[in-house]
Amino acid sequence: AYDSYVSLTSTSMRSADVFARASQCQGALKNYDIAVELMDSAINCLGDNELQAASPYILTRALLKFSAGRFRESVFDYNMYEDITGAMLGANFYYLRYQAEVNGKMYQQALNDLEKAISIEPGNFSFYLDKGILCYRVNMLEEGAAALEEAKVLAPEAPDVYYILGCVYSKSGNKPLAT
């Protein structure tokens, strides 16, 4: 399929969609760097005047860059996507960008995106758990404990919450609550 799509790029059928489909083929084969280059070509076919039309390709490129381990570049694309769409995006978007930011060691931005995800979907205990873990990681122990206590309320049967909460309390010197 990839060869068929690439052969179309040198014909009158050359389009952003053809490059995007070729990119999907390479992404499926885990050739992420090639897939990113093809998605770049898809975006370039549209040009600066058609950024709104390019937004799905930019989001896909962000996901490909994440898969390629190019986390900060992925965040850049997520930011561009958010700017182009200009809309309030869903919790899933902010969670995806949070993951790229954490892997790119952009911790404050990651916390900000988790806060946005929580504000959109306050009943999702995973967001609170991840916030607690990140806060523990960056030594924001009070904030981490608060997030984990909220996760405990939302999912009292989740053992990970109790384990991380114990770690937070232990690290903060609160041994009675750590046990």
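The values are calculated or read from the model by the stated rules, or taken from the named source; none is laboratory data. Since the model is a prediction, treat every value here as computed from it, not as a measurement. Cβ atoms come from the backbone with ideal geometry, glycine included; neighbour counts cover every protein chain shown. Each accessible area value is taken on the protein alone, full model and side chains, heavy atoms only, with ligands, DNA and RNA left out. Shrake-Rupley method; radii C 1.70, N 1.55, O 1.52, S 1.80 Å.
Here are some notes:
- Non-local lysine pairs in the stretch 53-179, meaning eight or more places apart or on different chains, with alpha-carbon distances under 23 Å, amount to 12.
- Hydrodynamic radius (Kirkwood) for the chain, which is based on Cα pairs only, to one decimal in Å: 18.1
- Legend: residues D3, D130, sorted from most to least accessible area (1.4 Å probe; ligands, DNA and RNA excluded), read D3, D130.
- GNM remark for the chain: springs join alpha carbons under 10 Å apart, and the peak mean-square fluctuation among G69, G90, G144 falls on G90.
- Extending 7 Å from Cα along the Cβ direction at N139 and again at N44 yields two label points whose distance is 4.5 nm.
- Applying both filters, DSSP loop and at most 14 other Cβ atoms within 10 Å, to the trypsin sites (Lys or Arg not before Pro) of the stretch 89-124 gives K105.
- In the context of the full protein assembly, E121 retains an accessible surface of approximately 80 Å², using a probe radius of 1.4 Å and ignoring ligands and nucleic acids.
- Between the helical axis of 51-67 and the longest alpha-carbon principal axis of the chain there is an angle of about 60 degrees.
- Summing Cβ point charges (Lys, Arg +1; Asp, Glu -1) relative to the Cα centre of the chain gives a dipole of roughly 440 debye.
- Computed from the Cβ-Cβ distance with R0 of 45 Å, the FRET efficiency linking T9 to E115 stands at 0.60.
- Helix 125-137 and the long axis of the chain differ in direction by around 80°, with both axes built from C-alpha atoms.
- Helix axis angle, 107-120 relative to the chain longest principal axis, alpha carbon, degrees: 90
- Working note: 222 nm ellipticity from helices only, DSSP H runs with n ≥ 4, each -39,500 (n - 2.57), summed and divided by the residues of the chain, gives -24000 deg cm²/dmol to the nearest 500.
- Taking the chain as a Gaussian network of alpha-carbon nodes connected by springs under 10 Å, the highest mean-square fluctuation of the residues M106, M140, M80 belongs to M140.
- Using a Gaussian network model of the chain in which every pair of alpha carbons under 10 angstrom is joined by a spring, one finds that among L89, L165, L114 the greatest mean-square fluctuation is at L89.
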